[in-house]
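The values are calculated or read from the model by the stated rules, or taken from the named source; none is laboratory data. Quick caveat: nothing in here was measured; it's all calculated off a predicted structure. For neighbour counting, all protein chains shown are included, and Cβ atoms are generated from backbone atoms with ideal geometry for every residue, glycine included. When the accessible area is computed, the model is the full protein with side chains, heavy atoms only, and any ligands, DNA or RNA have been set aside. Shrake-Rupley method; radii C 1.70, N 1.55, O 1.52, S 1.80 Å.
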Amino acid sequence: MFTLDEPTAEQHLWIEVLWLGAFDACGRDCKPKQRRDAEEWFASTDNGIGSFLWIAEMMDLNPESLRQKLLAEAKPREKGG
């Protein structure tokens, strides 16, 4: 998916935030409001601390590529296929 050489403890934390956001945006085990909030967070142009863009920049990752990869990986798989 995406790799970081020897991520710091802080980067591990933000990676978990990214995954939670991706799972919520894909509607996995969350309420509709959580899904909408997560979708808005991924699409936001805000670059303040804790925003999707800020996290991508802090980890020196391309935001668009990161967004696409996260959401593709978090999307529920069809059973039996």
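Annotations for the structure displayed:
- Residue in region 55-67 that is open to solvent by 60 Å² or more (accessible area, probe 1.4 Å), in contact with a Lys or Arg (Cβ under 6 Å, 6 or more places away or on another chain) and either of a type in the set (Phe, Trp, Tyr) or not in a helix (DSSP H, G or I) (or both) present: no
- Tabulated pairs, region 7-18, first under 15 Å from Phe52 (Cα atoms) and part of a helix (DSSP H, G or I), second open to solvent by less than 40 Å² (accessible area, probe 1.4 Å) and at pLDDT 95 or above, C-beta under 6 angstrom, 6+ apart or interchain: Trp14/Ile55
- Those residues of region 25-34 which are within 14 Å of Leu70 (Cβ to Cβ) and either open to solvent by 70 Å² or more (accessible area, probe 1.4 Å) or assigned to a helix (DSSP H, G or I) (or both), in sequence order: Ala25, Arg28
- For region 35-54, the set of residues classified as over 11 Å from the mean Cα position of the chain (by Cα), surrounded by 13 or more Cβ atoms within 10 Å (Cβ to Cβ) and touching a residue at least 12 places away in the same chain (Cβ under 8 Å) consists of Asp37 only.
- Boolean, Ala22 is out of contact with any strand residue (DSSP E or B) (no Cβ under 9 Å at 6 or more places or on another chain) and buried (at least 16 other Cβ atoms within 10 Å of the Cβ): yes
- Some residue of region 70-77 being surrounded by 14 or more Cβ atoms within 10 Å (Cβ to Cβ) and modelled with pLDDT of 95 or more: no
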